[in-house]
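See below for the structure under consideration.
The values are calculated or read from the model by the stated rules, or taken from the named source; none is laboratory data. Treat the numbers as computed from the prediction; the structure is a model and nothing was measured. Note that each Cβ is placed from the backbone with ideal geometry, even for glycine, and that neighbours are counted across all protein chains shown. For accessibility, only protein heavy atoms count, side chains too; no ligands or nucleic acids. Shrake-Rupley method; radii C 1.70, N 1.55, O 1.52, S 1.80 Å.
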Amino acid sequence: MAEASQGVQARLCMEPGAAPHTFDASSEPYEFLAESLRKRTALLDTSGIRGTRSHHAARTRVGAHAVSGSISLHPSPGDLDHLLPRILGADEASDVFVLAETLPSFGVLIDRVAETFQYTDCRVSKATFRGSAGGLVLLVLDIVGVAEVTGVSFPSLLLDTTAQAAPYTFSDGVLTLQSAQRQMMDFELVIDNGLQARFTNSQTATSIVPQDRIVTLKTTNPFTSDEVDLYGQPAVGAAGSLMLTNGQMSTTFAFAALQSPDTSPVVPGKQEIPLVLEMTARMTGTTRELIVTNDSQP
């Protein structure tokens, strides 16, 4: 009897560019927490009137194959050099990553111990960065792909163990709002590309394109005399930033204008009264709503 396939033995890597993907020694290995990237196939049934309530197996067809799911990991500056172009759209230019109207495709190969699964022409539908006091920063990538291929050999790869592979912690973060540094208990930054998969006369997606982009930043802050000015902000918003720093390495999310609709602080009990800010990043003039600078050199 075969032994159980344990997640601790699983492996994951990515390959830039469109299919066909060649996974080899140059592919990008990632340490990850969990993944749910999978193919879901629809089985079509006629469901007609046939003189019986029973449905016959011969009167079914295989429908469309949808590929989607998520990958969770603790990101490092080195990881973000590879991932930010897939999240934002544009390639790096001297450590700077900007938003683009299109998104690049990439391949994902997952060794699930008993079998390997390749997912072709993937794109990032949504990226969520989360952090809370005392923990590591978490990145969840929601991904949409075209097809699944099994049996692809997983290359011999070693995870990076240099300084740039160390993950960010919540305590690395510095939040700047209304031109002043602010304390925070947690944050959630979401970059939603609003991907739309189109199925024409094919069982797999024939087009995966972004139809919108919404960038939001949610933070939980103390509510003291130092934060009173964060309530009742002008509707036009103001520039802000979230910076993560580990030694000489850093990742800065710079927002052109963060608009924060009023949500009153309330008393949850005897504990501290928090101020929760739910902000949306907007473009101002020709400046995009988000620009990311990632310096991964220790």
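Within the stretch 199-232, being of a type outside the set (S, T, N, Q), more than 17 Å from the chain's Cα centre (by Cα) and assigned to a loop (DSSP other than H, G, I, E, B) holds for Phe199, Ala205, Phe223, Asp226, Glu227, Tyr231, Gly232. The strands (runs of 3 or more DSSP E) found wholly in the stretch 1-113 and carrying at least 3 residues that are farther than 30 Å from Gln203 by Cα occupy 96-98. Here the condition is being open to solvent by 20 Å² or more (accessible area, probe 1.4 Å), closer than 27 Å to Pro234 by Cα, of a type outside the set (A, V, I, L, M) and in a strand (DSSP E or B); of Thr128, Thr176, it holds for Thr176 alone. Which residues, counting only those in the stretch 179-202, are farther than 24 Å from Leu84 by Cβ and of a type in the set (Val, Ile, Thr)? If the condition is that a residue be farther than 24 Å from Leu84 by Cβ and of a type in the set (Val, Ile, Thr), then Thr200 is the only one that fits.
A single member of Leu84, Leu37, Leu80, Leu103 is touching a helix residue (DSSP H, G or I) at 6+ places or on another chain (Cβ under 8 Å), open to solvent by less than 70 Å² (accessible area, probe 1.4 Å) and modelled with pLDDT of 95 or more, and it is Leu103. For the stretch 40-73, filtered to residues that are among the small types (Gly, Ala, Ser) and surrounded by fewer than 10 Cβ atoms within 10 Å (Cβ to Cβ), the residue that is farthest from Val190 (Cα to Cα) is Gly51. The residues in the stretch 36-76 that are within 28 Å of the chain's Cα centre (by Cα) and touching a residue at least 60 places away in the same chain (Cβ under 8 Å) can be counted, and the count is 16.
Arg59 fulfils the conditions (1) under 28 Å from Ile208 (Cα atoms); (2) at pLDDT below 95 except for a single criterion, (1). Give the residues of the stretch 225-246 that are polar (S, T, N, Q) and open to solvent by less than 60 Å² (accessible area, probe 1.4 Å), sorted by residue number. Scanning the stretch 225-246 gives Gln233, Ser241, Thr245, Asn246. Can Ala254 be described as modelled with pLDDT of 95 or more and over 28 Å from Ala165 (Cα atoms)? Spelling it out, it is not the case that Ala254 is modelled with pLDDT of 95 or more and over 28 Å from Ala165 (Cα atoms). Does Leu195 satisfy being in contact (Cβ under 8 Å) with a residue 60 or more places away in the chain and over 18 Å from Arg123 (Cα atoms)? No, not satisfied. Scanning the stretch 179-198 for residues that are open to solvent by 50 Å² or more (accessible area, probe 1.4 Å) and in a loop (DSSP other than H, G, I, E, B), we see that the one that is nearest to Tyr30 (Cα to Cα) is Met185. Counting only residues that are open to solvent by 40 Å² or more (accessible area, probe 1.4 Å), among the charged types (D, E, K, R) and under 22 Å from the mean Cα position of the chain (by Cα), which one in the stretch 250-298 is nearest to His82 (Cα to Cα)? Result: Asp295.
Residue-level check: of (1) over 19 Å from Ala165 (Cα atoms); (2) of a type in the set (Gly, Ala, Ser); (3) touching a residue at least 60 places away in the same chain (Cβ under 8 Å), Ser27 misses just (1).
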